[in-house]
Amino acid sequence: MRTSCVIVGAGHSGLAMSRCLSERSIDHVVLERGEVANSWKHERWDSLRLLTPNWQARLPDYSYTGKDPDGYMTMPELIDFLEKYAEVISAPIKLNTTVTSVSADGGKYRVATTRGNWECKSLVVASGACNRASIPAIAEAAPTSIEMITPMQYRNPGQLQEGGVLVVGASATGLQLAEEIHRSGRPVTLAVGEHVRLPRIYRGKDIQWWMDALGIMEERYDEIDDIVRGRNIPSPQLVGSPDRSTLDLNRLTAQGVRLRGRLAGFNDGKAQFSGSLRNVCALADLKMLRLLNTIDEWVTEKGIDAEVNPPQRYDDTEVEESPPLLMDLGKDDIKTILWATGYNPDYSWLDIPVLDRKGKIRHDGGVVDSPGMYLLGTTLLRRRKSSFIHGAEDDARDLSRHLSSYLDDCEA
Amino acid sequence: MTTTSASVDNGVNVAALLEAREALSEAPEAAKFQWRATCKWVNGTHSNTTIQSFFGLGEEQSHRTEFSYDADHPELFASADIGATPVEMVLVGLASCLTAGIAAVAQHRGIQLKSVSATLEGGMDVQGILGIDSDVRNGFDGIKVHYDIDADASEDDIKALVAQSQKRSAVFDIVTNPTNVTVEVN
């Protein structure tokens, strides 16, 4: 089968690109291993809600019209949102079609799937940034008696054995899961490395509103000082909950969660933690303070102080005097280790030499280092908002323009 | 956007460091360094360690001159006290690493330093090394570092400077995280 463009993945990015290609009358097909919004449907925990408010949910020619603009979508709501979008834009999707390999062949791409093969001039990789849990190598040294689980498999605390849980990682995933597991009566110890702390609501507005208003989310990849570092910043400690509350380390400490340094290794049945806890907390506190100062300055500059709540400052992250560096997993009754240590994309099907030494696709703002090939939906692809649902809109518009002119050049 | 302004001079060539960083991210093999020390027992608890060669950028390198360090223990341990104790040398390493980092980060962030001084304290219960109580560890039970910094920056910016220096410090990493040590004989 032939088409001008194959899009791999029918998540929000793939659908956004499909819409943009349809607008340009470019014939294409969207290949989806499962269903629309498959990862959101099958690879996320039960309580998860989007970290962005509903008013921000926007895709090309489509936006949220529900009654709760300040709320955060549950997974069923998001799935519904994306399924409706796929329908509205009449995306040419082939469901239950897993791409098994993609190779380049003289200016064309050959796409092999579980349901037939495709040949196309251009290819859009929209298969997601979170296909696999990333687990550090030290996991191999963990005592075998302890069960290990990743957020890809985790659904709710009921899955876990009774007893203590070591949650490794303090980004949005780690904090959200640490809280719900601890509340289920399984005492949580949280290993905290570098992290990003943010209040959910600041001066009466969602933090995402501020990031939007200040233009932070629009910042382009080619304007950023250190793009490699930028793309590796952990996701901020946020939760989308009906009470719009802030989830931070102090809230967990108040509930009885024990904070430890970054997990450094295992030795003789003991977990070893880094002595850097105080500093990673200080770094996050200071970085948050800088953002709040920037927001306050912007408010004053715009002369809108009277329209928003007064400035607020938050307590520094509380760190106990000498956080223990060792934990005897047996004595402390740790039954489970949850690796909230990030995610990686899965490009095992990609037989084109475009991966860097870290296994990520080499690209310039989504234009991949192979003619006619594009990437969507990864962190800071083209803008700070690229990995968000609403980030797909501008990225897909930009890249569809590039793709279209590439196809025109092929014709000529 | 490099924030280094021409008027700020902490004696750190940030441009050269950034260039090296760029070059090494293109050629990660060249980034593999090996640091060396050679130690000779002198007498009693007195030893002398010299430092000269190291490996980096894919080839053998050398300091401009050989550096020599005597280590010993104080008289109350019945030693001759010819040099600082090895654990004090760990403090030397930590202090100088963090301080160098502060200068470099300040330069990069366009902060002029006027004075930087640090006081370090490493607590230790010597029941550990003397084998009196096996529950007491040999090493420090904690290290406290206090910085006094006078610079053209706000208090929060100075705090951020010190925090960033810890984040990038090799010795801070060495003392806060475990390291495999392999000791062979003959």
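The table that follows gives values for the structure above.
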quantity	calculated
Relative packing of peptides B:122-132, A:254-264, A:106-116 - highest average C-beta neighbours within 10 Å first	A:254-264, A:106-116, B:122-132
Overall Cα dimensions of the protein assembly as shown - principal axes, largest extent first, Å	87, 58, 54
Inter-label distance for A:GLU218 and A:THR253, nm, one decimal - labels placed 7 Å from Cα along Cα-to-Cβ	3.8
For B:ILE82, residues with placed amide H under 5 Å, excluding near neighbours	B:HIS73
Selection from A:THR98, B:VAL175, B:SER165, by position along the positive dipole direction of the protein assembly as shown (Cβ)	A:THR98
Karplus (6.51, -1.76, 1.60) ³J(HN,Hα), θ = phi - 60°, over region A:32-38, in Hz, Gly and Pro reported as x	10, 5, x, 10, 4, 6, 4
Cβ-placed point charges (K, R +1; D, E -1), dipole of the protein assembly as shown about Cα centre in debye, nearest 20	1580
Relative exposure of A:GLU23, A:GLU194, B:GLU60, A:GLU179, judged by other C-beta atoms within 10 Å (fewest first)	B:GLU60, A:GLU23, A:GLU194, A:GLU179
Rounded to 10°, Cα long-axis angle of helix B:14-26 versus longest principal axis of chain B	80
Of A:LYS270/B:LYS32; A:LYS287/A:LYS358; A:LYS360/B:LYS32; A:LYS270/A:LYS335; A:LYS287/B:LYS159; A:LYS41/A:LYS385, pairs whose Cα-Cα distance is over 20 Å	A:LYS270/B:LYS32; A:LYS287/A:LYS358; A:LYS360/B:LYS32; A:LYS41/A:LYS385
A:ARG155/A:ASN96 FRET efficiency (R0 22 Å; Cβ-Cβ; nearest 0.05)	0.45
Value of D in µm² per second that Stokes-Einstein yields for chain B, Kirkwood Rh from Cα pairs, at 25 °C (0.890 mPa s)	126
Euclidean distance of C-alpha centroids, region B:41-65 and region B:94-146, integer Å	23
222 nm mean residue ellipticity, helices alone, for chain A (DSSP H n ≥ 4; -39,500 (n - 2.57); rounded to 500)	-8000 deg cm²/dmol
Net length gained if the chain between A:SER245 and A:ALA112 were fully extended (0.36 nm per residue, minus Cα distance)	43.2 nm
Total charge dipole magnitude, region A:1-128, about the Cα centre, Cβ charges on Lys, Arg, Asp, Glu only, Debye to nearest 20	440
Peptide A:275-284, shielding by other chains (average Cβ, 10 Å cutoff)	5
Most positive-pole-ward Cα, B:GLY93, B:GLN52, B:ILE82, against dipole of region B:50-156 from beta carbon charges	B:GLN52
Scattering profile of region A:350-411 at q = 0.16, 0.17, 0.24 Å⁻¹ [log10 I(q)/I(0), Debye over alpha-carbon scatterers]	-0.53, -0.59, -1.00
Net lengthening on full extension, B:LEU24/B:VAL185 (0.36 nm per residue, minus Cα-Cα)	54.5 nm
Under the Debye formula (equal points on every Cα, no solvent term), log10 I(q)/I(0) of region B:85-177 at q = 0.15, 0.21, 0.22, 0.23 Å⁻¹	-0.62, -0.99, -1.05, -1.12
When the convex hull of its Cα atoms is projected in every direction, mean area for region A:274-395 (nm²)	13.7
Debye, to nearest 20: dipole size of region B:1-122, +1 on Lys, Arg Cβ, -1 on Asp, Glu Cβ	260
Estimated translational D of region A:13-169 in µm²/s (Stokes, Kirkwood radius over Cα pairs; 10 °C; 1.306 mPa s)	86
Nearby lysines by direct alpha-carbon distance to A:LYS67 (threshold 21 angstrom, same-chain neighbours under 8 apart not counted)	A:LYS84, A:LYS205
Exposure proxy ranking, count of Cβ atoms within 10 Å, fewest first, for A:CYS410, B:CYS39	B:CYS39, A:CYS410
Dipole axis of the protein assembly as shown (+1 Lys, Arg; -1 Asp, Glu on Cβ), positive-most option in B:HIS63, B:ILE143, A:ILE79	A:ILE79
Using distinct alpha-carbon pairs, which all enter the 1/r mean, Kirkwood radius of region B:10-84 in Å	15.2
Surface/4 of the Cα convex hull for region A:133-339, nm²	12.9
Projected label distance in nm at B:LEU57 and A:LYS358, using a 7 Å step from Cα toward the beta-carbon	2.6
Kyte-Doolittle mean at least -0.5 and Cα axial length at least 24 Å: DSSP H helices in chain A	A:277-302
Point-to-point label distance, B:ASP135-A:ARG290, nm (Cα→Cβ direction, 7 Å offset)	4.4
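Bear in mind that the values in this text are calculations on the coordinates, not laboratory data. In this text the structure is predicted, and so the values were computed from the model without any measurement. Here Cβ is always computed from backbone atoms with ideal geometry, including for glycine, and neighbour counts include all displayed protein chains.
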